[in-house]
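*Asks:* This is the structure, below, for whatever I ask next.
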Amino acid sequence: MTFAEAARTVIPFGDYKGQTIDHVAQTDEGLLWLDEIVDWPNLFEDLSEAIQTYLTDRAISGELKSILDK
């Protein structure tokens with residue numbers, strides 16, 4: 001899966017239902033939420049793959065690290 005495909009993946013549940021991963025990640029809260037749910041045991045496999053692809057992008061992972069280090 002490419003970063004662009006991952007970014008366009010739609011969240012199918014919860015407060016972010018119907019929003020793309022990229023849209024959710026536009027806020028610190030959303031980015032942290034994605035990082036939190038990526039390892040949920042019952043998370044849809046394709047959604048988990050999309051979130052992992054998104055979060056491992058160099059720019060995104062650097063941003064996430066700076067948020068977590070605060």
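*Asks:* Scanning for something among the β-branched types (Val, Ile, Thr), touching a strand residue (DSSP E or B) at 6+ places or on another chain (Cβ under 9 Å) and crowded, with 18+ Cβ neighbours inside 10 Å, does segment 23-34 turn up at least one residue? Steps first, answer last, please.
*Replies:* First, pick out the residues of segment 23-34 that are among the β-branched types (Val, Ile, Thr): 24, 27.
Applying the additional criterion that residues be touching a strand residue (DSSP E or B) at 6+ places or on another chain (Cβ under 9 Å) yields none.
Looking for residues that are among the β-branched types (Val, Ile, Thr), touching a strand residue (DSSP E or B) at 6+ places or on another chain (Cβ under 9 Å) and crowded, with 18+ Cβ neighbours inside 10 Å, one finds none in segment 23-34, hence no.
*Asks:* If you don't mind, another one. Can you tell me which residue is farthest from Phe3 (Cα to Cα) among those in segment 13-65 that are part of a loop (DSSP other than H, G, I, E, B), among the aliphatic types (A, V, I, L, M) and within 11 Å of the chain's Cα centre (by Cα)? I'd like the intermediate steps shown before the answer.
*Replies:* Taking segment 13-65 first, the residues part of a loop (DSSP other than H, G, I, E, B) are 13, 17-19, 25-27, 38-44, 56-57.
Right, trim to among the aliphatic types (A, V, I, L, M) and you get 25, 38, 43.
Still in the list and also within 11 Å of the chain's Cα centre (by Cα): 25, 38.
Values: Ala25: 13, Val38: 15 Å.
Once the filter is applied, the top-ranked residue is Val38.
Read-outs: derived from the displayed coordinates by stated rules, not from any lab. Quick caveat: nothing in here was measured; it's all calculated off a predicted structure. So basically every Cβ, Gly included, is an ideal-geometry build from the backbone, and we count neighbours across all protein chains shown.
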